[in-house]
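Student: Right, I'll just put the structure down here and ask away after.
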Amino acid sequence: MVQPSVPGGPGEALGLAGDVASGARLFATNCQVCHGVGGKGGGLPSTADLDVWQVVPALVPLPEGLADSDAKVVAERMDLFIEHGSVPAGDTHGMVMLPFGDNQILTPQEMRT
């Protein structure tokens, strides 16, 4: 299983119901710049000359270690990254996954959508 580099457990978002339309808007606003349109990679056009794709993965399909046949398992694994962020190993060109929950960038309900 892939784990974020920052410690911490799942947050309140796991106990909430999500909304697909709201989630799509939030993804476009907060995630698309790095993970690309629809999570398919190809974000960060200003860093196209850098090998950042070893750092910022596409989310569709889910990277090995995040994927699981049980949607609840996937939600918990993703929640850890969204809640606490992560600092990838190696040369990251300054890239980090923001701690959207810990820094109160997104509410628990927003993280669940």
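Since every read-out is calculated from the coordinates, none of them should be taken as a lab result. Keep in mind that this is a model prediction, so the values were computed, not measured. Ideal geometry is used to build each Cβ from the backbone, glycine not excepted, and the neighbour counts take in all protein chains shown.
Student: Please determine, by comparing only the residues of region 1-47 that are free of Cβ contacts under 8 Å to residues at least 60 places away in the same chain, outside any loop (DSSP other than H, G, I, E, B) and touching a Phe, Trp or Tyr at 6+ places or on another chain (Cβ under 9 Å), which one is nearest to Ala75 (Cα to Cα).
Tutor: Among residues in region 1-47 that are free of Cβ contacts under 8 Å to residues at least 60 places away in the same chain, outside any loop (DSSP other than H, G, I, E, B) and touching a Phe, Trp or Tyr at 6+ places or on another chain (Cβ under 9 Å), the one nearest to Ala75 (Cα to Cα) is Gly39.
Student: Return yes when Val87 is closer than 19 Å to Ser5 by Cβ, under 14 Å from the mean Cα position of the chain (by Cα) and free of Cβ contacts under 8 Å to residues at least 60 places away in the same chain and no when it is not. Full working, then the answer.
Tutor: Values: closer than 19 Å to Ser5 by Cβ: yes; under 14 Å from the mean Cα position of the chain (by Cα): yes; free of Cβ contacts under 8 Å to residues at least 60 places away in the same chain: no.
The answer is no for Val87.
Student: Looking at region 61-113, which of its residues are closer than 23 Å to Gly42 by Cα, part of a loop (DSSP other than H, G, I, E, B) and β-branched (Val, Ile, Thr)?
Tutor: If the condition is that a residue be closer than 23 Å to Gly42 by Cα, part of a loop (DSSP other than H, G, I, E, B) and β-branched (Val, Ile, Thr), then Val87, Thr92, Val96, Thr113 are the ones that fit.
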